[in-house]
Amino acid sequence: MCNKQQKILNMPEWLDKGKENRTVCVDECIVDQIMILWSNKIETLGCCCGHNKNKPSLIIEERYKNKEIINIAKIIEKHDERQWDIYQWGLKKVKTTQCKYTKE
Ligand SMILES: [Zn+2]
């Protein structure tokens with residue numbers, strides 16, 4: 001269950017290499033699962049436990065494709081009884097401009 005606490009973790013050195021601040025704040029009730037993902041070299045970009053309102057969620061690197069995503073899900077399923085939502089960032093087109101330009 002969620003106690004709404006957070007824990008500061010040291011990021012593994014292979015994760016987000018360019019980042020200067022090497023610590024990250026993680027919801028305490030998913031720390032074990034995040035550490036297990038890291039020990040499996042899974043590149044996480046963010047996570048949230050859902051604070052008893054939503055499912056725990058995880059953002060993973062864009063490069064992961066179907067098979068790897070299934071594997072990531074399996075790792076979580078093995079180590080947590082909760083259902084997780086797994087996300088990837090994606091581009092979303094929000095507007096296309098009109099062709100109104102006329103050269104003077
Ligand atoms: Zn929590």
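Where a number appears in this text, it was derived from the coordinates with a stated rule and is not lab data. What you see is a predicted model; the values in this text were computed from it and never measured. Please note: Cβ atoms are built from the backbone with ideal geometry, for glycine as well, and neighbour counts cover all protein chains shown.
What the table below lists for this structure:
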item	result
Condition check for Lys67: without any contact (Cβ under 8 Å) to a residue 40 or more places away in the chain, under 23 Å from Leu91 (Cβ atoms), exposed (fewer than 10 other Cβ atoms within 10 Å of the Cβ) and basic (Lys, Arg)	yes
Complete set of residues in segment 44-56 that are touching an Asp or Glu at 6+ places or on another chain (Cβ under 6 Å) and either crowded, with 19+ Cβ neighbours inside 10 Å or under 14 Å from Asn10 (Cα atoms) (or both)	Cys49
Long-range neighbours under 6 Å by Cβ, at least six apart or interchain, first residue surrounded by 15 or more Cβ atoms within 10 Å (Cβ to Cβ) within segment 16-34, second assigned to a loop (DSSP other than H, G, I, E, B)	Val24/Met11; Asp27/Cys49; Cys29/Cys2; Cys29/Cys49; Ile30/Cys49; Ile30/Pro56; Gln33/Asp80
Some residue of segment 75-83 being of a type in the set (Lys, Arg), within 25 Å of Asn3 (Cα to Cα), within 16 Å of the ligand (Cβ to nearest atom) and assigned to a loop (DSSP other than H, G, I, E, B)	yes
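Residue-by-condition table, conditions (1) within 14 Å of the ligand (Cβ to nearest atom); (2) not small (Gly, Ala, Ser); (3) not in a loop (DSSP other than H, G, I, E, B):
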site: Cys2; (1), (2), (3): yes, yes, no
site: Val26; (1), (2), (3): yes, yes, yes
site: Cys29; (1), (2), (3): yes, yes, yes
site: Gln33; (1), (2), (3): yes, yes, yes
site: Ile36; (1), (2), (3): no, yes, yes
site: Glu62; (1), (2), (3): no, yes, no
site: Lys93; (1), (2), (3): no, yes, no
